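Readers should treat all values here as calculations from the given coordinates under stated rules, not as data from a laboratory. Computed from a prediction, not measured in an experiment: that's the story for all the values here. Quick reminder, even Gly has a Cβ in these numbers, built from the backbone with ideal geometry, and neighbours come from all protein chains shown.
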Amino acid sequence: MVSTTLAEKMTTVRFRPDHEPHIVVDGDICRDCTLHTCVYVCPANLFSLLSDGSILFNHEECFECGTCYVACNREGAIHWRYPGGGRGVSFRDS
Amino acid sequence: MVAGAGPAGSAAALVLARAGRSVLLLERGEFPGSKNVSGAAIYGPDVLAELIPAFWETAPIERVLTRRVICVTSEESSLSLDFATRRFASPPYNAFSVLRPRFDRWLADQAVAAGATLLNETVADELLRDATGRVRGVRVRRPDGDIEAPVVIAADGVNSFLARGVGLQRELGGHDLSVGVKEVLAVDRGVLEERFHLEAGEGVTYEFLGSVTGDVAGGSFLYTNRESLSLGVIVEIASLAEHRVRPYELLERFKAHPTVAPLVRGGSLVEYSAHMVPEAGQAMLATLAGDGVLVAGDAAGLCFATGLYLEGINYAIASGRAAGEAAAEALAAGDTSAAGLAGYERRLEERGVLPDFRRFRMAPRFIMGERMQRLYPEIVTGVAERVLRSQGGRPKQKLLPAVTDEVRRSGVPIRRLLRDLWEGGRAFGW
C-alpha cells in the first residue's frame with residue numbers, strides 16, 4: 001500500500017525502548033501553554049493534549065529526532081536526552 | 001577519541017587509525033547507521049575515494065545516479081528540469097544512492113579494519129573539561145563512564161549535545177533546523193527500471209519544490225534504490241510549527257500529488273523514519289575547534305543544503321577526514337590546544353568546504369522564502385501552461401506577455417519579483 005496511516009507506518013519501525021523515559025515533559029511549564037506545538041510537529045505523534053490542559057508523552061516509539069524541543073516555545077518544558085546505549089529506535093532499511 | 005560513528009566520525013577514525021593512533025569510536029546505536037537517516041545520496045564520491053579508492057566496488061551502494069530531476073510543482077501541474085548524462089555512468093561517478101544503516105555500518109567497518117576500536121551502544125553525554133576549560137575526555141552513560149583522551153572529535157550529529165555543552169555550537173532554533181520524514185517503498189526491480197527509464201544498476205533522484213509541501217516551507221525528494229524508493233518531505237521546523245501541520249500528513253500529500261503518484265504506485269512500505277537536518281548553512285556553522293576538541297559533520301552544521309545542492313554525507317566525510325588529519329598532526333607535535341588543532345579549519349578552507357558555505361550563504365534563506373516556496377512555482381507552472389496549452393483557433397501569446405499575465409495574477413509586485421531575481425542570482429548565479 002502506498003498510502004498508509006501513521007499507525008501502519010509505525011509498525012515498520014524497530015524500537016528497543018529504554019527502561020526509563022529519555023524525554024520528560026514538565027507539566028507545570030506546559031499547563032498554561034496555548035500553542036501545543038509539540039502535538040503537531042512530532043513525526044511519531046507521541047504528544048497528546050489531555051482534557052486538563054496537560055501534555056502526555058509516550059517515549060517508547062520516539063525517533064530521537066529533536067524536533068519537539070526545537071519547536072517548543074517554553075524554556076525548560078521538554079527535558080531531552082538520548083536513550084541509553086543500544087536503546088530506542090534502530091533503523092534497518094532507511 | 002571520536003564520538004559518533006556516522007560518516008564524519010568513521011572518516012576521522014579511519015584517518016587517525018591509519019596514522020597509527022589508538023582510536024576509540026563511540027556509537028550510541030546498536031550498530032553504526034542504526035540511528036541515521038537521510039535521502040540518501042552520496043554526491044562528490046571523490047571525497048571518499050581519496051580515502052578508500054574505488055570504494056564503490058565493495059561498499060553497499062544501491063544505484064549509480066545518472067539522472068537528476070528538479071521539479072517545480074503547483075496543485076495540479078509540474079515543470080521539471082531533467083538532466084541525464086552517460087558521463088555520470090562510469091568511474092569515478094558523480095553520485096550513488098545508499099541506505100544509511102548499511103552504508104554507515106560499512107564505513108565504520110573500514111575504520112575498524114584500519115585499527116580503530118568501535119564501541120557500540122555507548123552514549124556520549126558530555127565533554128569532560130579540566131579547570132582551564134580544556135576538553136580532556138568524554139562522559140559516557142556506562143558505569144565508571146569517564147573516558148580520557150588527548151583529543152575528542154565530536155561527530156555526534158545534528159543534536160550535538162557535546163558541541164553545545166561546551167559552547168562550540170549555539171542553541172539552534174526552528175529556522176536553523178528542518179525535520180525530514182521518510183519512507184522506503186519496495187518496488188520490483190524491473191518495474192522500477194522501466195518506470196524511471198533506467199539502465200540496469202543506474203538510478204535517478206528527484207527533488208520537488210512548491211505545492212507538494214503545502215504552505216509549509218521545505219521540499220521533498222524521491223530517490224531510486226536497487227529494489228525500493230526512498231522518498232520524503234523535509235520542512236523547516238519553524239514553518240511546520242507555525243502552520244500546525246503534521247509532518248506525516250505532508251508525506252501522504254506528497255505521495256498523492258498527481259506528478260508523484262504514478263512514480264510510487266504499487267510501492268509497499270518497508271520502513272518509516274524521521275530525522276532533523278541542519279539546513280541553515282553558514283548561519284549555523286559551529287566553532288570548529290577548542291582546546292582538545294574538534295567538531296565535525298552535522299554536529300558542526302557542515303551539511304550543505306541549498307535547494308539546488310543537497311549534500312551532507314560528502315561534507316561530513318570531508319570534515320571527518322580533515323579533523324582526523326589535524327588531530328594526528330597535533331598529537332605528533334604534542335600540542336592539542338585549539339591553536340595546535342588549527343590544521344582542521346585550514347584544511348576545510350583549502351579543500352573548498354568552508355568557501356562553499358560562504359559562497360552559498362544566502363541560498364538557504366532565499367529558497368525557504370514564501371514567494372520561492374509558493375508563488376513562484378505557481379507562476380512558473382502557470383506560464384508553462386499558457387505556452388503549452390493548445391489555443392485552438394484563438395491567438396497565441398508570446399512568452400513575455402504570458403509571464404507578465406501570470407505575475408499579475410499572482411499578485412507579486414513586479415519590483416519585488418525583480419529584487420528576488422537579483423537575490424536569487426546572488427545566491428546561486430554569481
Amide proton proximity set for B:Arg136, modelled H, under 5 Å, gap of 5+: B:Leu128, B:Arg129, B:Asp130
Spatial separation of Cα centroids for the stretch B:1-21 and the stretch B:385-426, in angstrom: 52
Cα lying deepest toward the dipole's positive end in the stretch B:365-429, options B:Thr404, B:Val383, B:Ala427, charges on Cβ: B:Thr404
Total charge dipole magnitude, chain B, about the Cα centre, Cβ charges on Lys, Arg, Asp, Glu only, Debye to nearest 20: 1360
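First select every other residue whose beta carbon is under 15 angstrom from the beta carbon of B:Val184; then total the charges, Lys and Arg +1, Asp and Glu -1.
Details: positive: A:Lys9, A:Arg14, A:Arg92, B:Arg63, B:Arg100, B:Arg102, B:Lys182, B:Arg189, B:Arg226, B:Lys255; negative: A:Glu8, A:Asp93, B:Glu62, B:Glu183, B:Asp188, B:Glu227, B:Glu271.
Once all neighbours under 15 Å are counted, the net charge is +3.
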Nearest-20 debye value, the stretch A:35-94 charge dipole, Cβ charges on Lys, Arg, Asp, Glu: 120
Sparsely packed trypsin sites (Lys or Arg not before Pro) within the stretch A:1-57, loop by DSSP, other Cβ within 10 Å at most 16: A:Arg14, A:Arg31
Dipole axis of chain B (+1 Lys, Arg; -1 Asp, Glu on Cβ), positive-most option in B:Tyr206, B:Ala12, B:Thr224: B:Tyr206
Residues listed by number, the stretch A:62-81, amide nitrogen under 19 Å from A:Leu50 label point at 7 Å toward C-beta: A:77-79
Spin-label model distance (nm) - B:Val387 vs B:Leu400, 7 Å beyond Cα toward Cβ: 1.5
Extended-chain gain in nm, criterion 0.36 nm per residue less alpha-carbon gap, B:Glu423 and B:Asp146: 94.8 nm
Angle in degrees between helix B:376-388 and the longest Cα principal axis of chain B, rounded to the nearest 10: 40
Selected from B:Ala256, A:Val70, B:Trp106, residue furthest toward positive end of dipole (the protein assembly as shown; charges at beta carbon): B:Ala256
In degrees, nearest ten, helix B:247-256 long axis to first principal axis of chain B (Cα): 40
Using alpha-carbon coordinates, inclination of helix B:399-410 to the longest axis of chain B, degrees: 70
For the stretch B:177-277: rounded, prolate or oblate by the Cα gyration tensor [a/c cutoff 1.5]: prolate
Label-to-label distance, nm, for residues given as B:Ile414 and B:Ala261 (7 Å Cα→Cβ offset): 3.9
Residue-by-residue Karplus 3J(HN,Hα) for the stretch B:179-189, coefficients 6.51, -1.76, 1.60, Hz, glycine and proline x: 10, x, 10, 9, 10, 10, 10, 6, 9, 3, 4
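Restricting to bridges with both residues inside the protein assembly as shown, how much of the DSSP beta-bridge set is antiparallel, in percent to the nearest 5? Could you put the intermediate results ahead of the total?
Working: 63 of 82 bridges.
Beta bridges within the protein assembly as shown, antiparallel portion: roughly 75 percent.
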Chain A, relative contact order in percent, only Cα pairs under 8 angstrom and at least six apart counted: 40
Long-range amide H partners of B:Val270 with built H, under 5 Å: B:Val184, B:Leu185, B:Ala186
Spin-label model distance (nm) - A:Arg81 vs B:Glu350, 7 Å beyond Cα toward Cβ: 4.0
Total lysine pairs whose alpha carbons fall under 16 Å of each other in the protein assembly as shown (8 or more apart, or interchain): 4
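Using helices alone, what [θ] at 222 nm do you get for the protein assembly as shown, with -39,500 (n - 2.57) per DSSP H run of 4 or more residues, divided over all residues and rounded to the nearest 500?
On the way: 19 runs with 160 residues, N = 524.
About -8500 deg cm²/dmol.
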Dipole magnitude of the protein assembly as shown about its Cα centre (Cβ charges: Lys, Arg +1; Asp, Glu -1), debye to nearest 20: 1560
Shape metrics for the protein assembly as shown, restricted to C-alpha atoms - Rg then Dmax, Å: 23.3, 84
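Full extension from B:Glu199 to B:Ala131: what is 0.36 nm times the residue separation minus their Cα-Cα distance, to one decimal in nm?
18.4 nm is the gain from fully extending B:Glu199 to B:Ala131.
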